[in-house]
Structures are given as structure tokens and as C-alpha cells.
Amino acid sequence: MKTIVLGLLIIGFTTQIHSQTNNLSIFKNIKYLEKVKNEGSPVIIKKMENIAAEYDIQKADVFNPKRKGTYDVTFEETSGKIVATYNKKGKLIKTIEVYNNLKLPLQVSKSISKEYPGWIFTGNTHEVLYNKGKVKKLYRIQIKNNNSKKELKFELKSGAEANYAAVN
């Protein structure tokens, strides 16, 4: 009985230690998460951005503490990809995120439907560019009407609420 209790106690402590060390990467990259987060983002975007923020380059096989420079890591899912650049301290300094054919923000789809009645959506790409604290979010949307095709661009403007501006 003592062995079982002691074993459970050890497992409990190692779980606590493991979870605390994993969270250190999040704290290093909290600025990234604060800048890129958007409550209206699809789950896949939130999931991938969390994975990039939690990643610890210092635990990777290729990590060399004596090496100067940065490390690029690619995270991929079926509909999205993040290329993240980390410095040797493990801080996320730059990302290029590309997501394909996700549900558009309601504000964007309503705006397009109003401006282009009768046109249908044929595809979209959502890009998030993060570089040292600055973020640019852009939607490229393809629409079609009979034989006519157009690509529309919308950029997220920062503010209290998500506000998308057409940049075509």
C-alpha cells in the first residue's frame, strides 16, 4: 500500500514539474499570442498559434546554445501552415501563417455579398504575418460569376472590434 501511495505521489510531482516547464515557452511567447489572437478566429488558427507559442526550440535536437542566429520551424495541418522563427533564447520573433478555405468572418462575407450580388465564393486564403510585435492579417478571397473571376483583399484593422477594410 505504501508503495502505491508513494508511486502516485511521485507521478503527481513529475506531472507538475513537466507542466511547469512546458508553460515556460508560453510565457516567453505571450506577446505573440496577445498580438495574433482574435476571438472570432476559427479553432484551427487558435490551435496552431498555441502550438507555435508552446514550442520550445531549446529542447529540439538541432538546438545548439553556442550557435548565433535563429531557427525556423514549420507547423502544418491540413488547412494551415505556420513558419515560425525563434531566437536562441526560445522567443518567437516572426511567423508567416497561411490558412486555406476557412470560414470567413461574417462581416467580410456580408460585405462581399452586398457588393457582388450573384457572385459565388470559390476559395480564400487567410494570412497572418507577425514580426517583432507587429501583426498584419489579410484575407484573399476568390469569387466567380459565370466566366468572370475576381480576387478581393481585406485587411484586419486593429481596434476595439475586428474591422476589415477592403484593400483592392
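The values are calculated or read from the model by the stated rules, or taken from the named source; none is laboratory data. For clarity, every value in this text was computed on a predicted model and none was experimentally measured. Quick reminder, even Gly has a Cβ in these numbers, built from the backbone with ideal geometry, and neighbours come from all protein chains shown.
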Residue match in segment 126-138 (condition: among the aromatic types (F, W, Y), under 17 Å from I45 (Cβ atoms) and at pLDDT below 95): no
Which listed residue is at pLDDT 95 or above and either of a type in the set (D, E, K, R) or touching a strand residue (DSSP E or B) at 6+ places or on another chain (Cβ under 9 Å) (or both), from K88, K68, K59, K81: K81
Selected residue (only one of A53, A60 is under 18 Å from I26 (Cβ atoms) and loosely packed, with under 14 Cβ neighbours inside 10 Å): A60
Test set (1) under 27 Å from K144 (Cβ atoms); (2) part of a loop (DSSP other than H, G, I, E, B); (3) charged (D, E, K, R) - K89 fails condition number: (1)
Selection from segment 114-134 of residues that are surrounded by 14 or more Cβ atoms within 10 Å (Cβ to Cβ) and touching a Phe, Trp or Tyr at 6+ places or on another chain (Cβ under 9 Å): N124, T125, H126, E127, V128, Y130
Scan of segment 62-86 for residues that are assigned to a loop (DSSP other than H, G, I, E, B), free of Cβ contacts under 8 Å to residues at least 24 places away in the same chain and within 21 Å of V43 (Cα to Cα), ordered by number: T78
